[in-house]
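Derivation of every value follows stated rules applied to the coordinates shown; laboratory data play no part. Treat the numbers as computed from the prediction; the structure is a model and nothing was measured. Here the Cβ positions follow ideal geometry from the backbone for every residue, glycine too, while neighbour counts run over all protein chains shown.
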């Protein structure tokens, strides 16, 4: 199973051009992916740089024939421009068992720029792996109070899923919404976490080994390639790595590769790809 994860900056490149087409092409250039996880996907935000007034989830669906597209709006609001949505997207060509959208904590942090955040979860049947929960998220950038709360919530969410898999509800085949679900401890958590490996939020997500860093599994103590501020230093003086892929312990032996495109400039982040065999 190949996954690409990418913060697209509403599909806006460093040249100021908004283009879902370039994002899909850039993801395809990284390999024949089975799952595409995108953060910062917009619908009807005409005042964003480059004009993000188009329905990007719908357009990405058109660009990926054979894939099913699931969009989770962390922000869903109405203004003088009408209905607007902003959030995360998962597209997959694998069989889908279930889809869930989880709002993340949004504690008050007065006077600090922020927006609501969420995690989209799509459980797929992966060849040779069985059911796998693919989880993608984008944590708060400006508020560390919110980011830490969200980091802790992600770990708690994964642990709760694992507890359900270990002690599932009563089986049912009655055709109702109570019918048996694909409970699984196998998970991939990816996205833009807006923290670095040395920060407390990273420790909060990985506490107790419930989730393991795919880069460290493959490369030990080797320096991690940057995923943000590589070409654009608007948000800081040096490139950093804040886009991660985490896996559950049962999937750790199945991680075969992880790569970063260090050349593309069609977003302010670099895309990351991971392969599990």
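Reported to the nearest whole Å, the Cα centre-to-centre distance from region 243-277 to region 173-202 is 16.
Each eigenvalue of the Cα gyration tensor of region 21-165, multiplied by 5 and square-rooted, gives one semi-axis; in descending order these are 25, 23, 12 Å. Look at the alpha carbon pairs under 8 Å that are at least 6 residues apart: their mean separation over the length of the chain gives a relative contact order of 19 percent. Its residue count N sets the reference 2.2 N^0.38 Å, and the alpha-carbon radius of gyration of region 204-273 equals 1.21 times that reference. Note on the chain: GNM, Cα springs under 10 Å; of 11, 162, 119, the largest mean-square fluctuation is that of 162. A crude spin-label estimate for the pair residue 203 and residue 78, with each label 7 Å from Cα along the Cβ direction, gives 4.6 nm. Compared with the alpha-carbon gap, the fully stretched path from residue 277 to residue 256 is longer by 6.9 nm at 0.36 nm per residue. Across 23, 240, 90, mean-square fluctuation computed from a Gaussian network of the chain (C-alpha pairs under 10 Å connected) peaks at 240. Over the residues of the chain, the helix contribution to mean residue ellipticity at 222 nm works out to -6000 deg cm²/dmol, using -39500 (n - 2.57) for each DSSP H run of at least 4. Once you divide the Cα radius of gyration of region 1-86 by 2.2 N^0.38 Å, the number left is 1.08. Put simply, when 82-89, 190-197 are sorted by average Cβ atoms within 10 angstrom per residue, most first, you get 190-197, 82-89. The alpha carbons of region 75-143 give a radius of gyration and a Dmax of 15.6, 49 Å, in that order. Only beta bridges with both residues in the chain are counted; by DSSP, about 85 percent of them are antiparallel. Computed over the chain with a Gaussian network model linking Cα atoms closer than 10 Å, the most mobile of 183, 102, 76 is 76. The alpha carbons of region 136-277 give a radius of gyration and a Dmax of 17.2, 58 Å, in that order. Taking all Cα-Cα distances within region 135-217, those exceeding 22 Å account for 36%.
Among bridges DSSP assigns within region 91-221, what percent are antiparallel (round to 5)? Approximately 70 percent, going by the DSSP bridge assignments.
Projecting the alpha carbon convex hull of region 99-138 along each direction and taking the average yields 3.2 nm². Solvent-free Debye calculation, one equal scatterer per alpha-carbon of the chain: log10 I(q)/I(0) at 0.15, 0.17 Å⁻¹ equals -1.16, -1.52. Once the C-beta distance of residue 179 and residue 47 is scaled by a Förster radius of 45 Å, the resulting FRET efficiency is 0.50 to the nearest 0.05.
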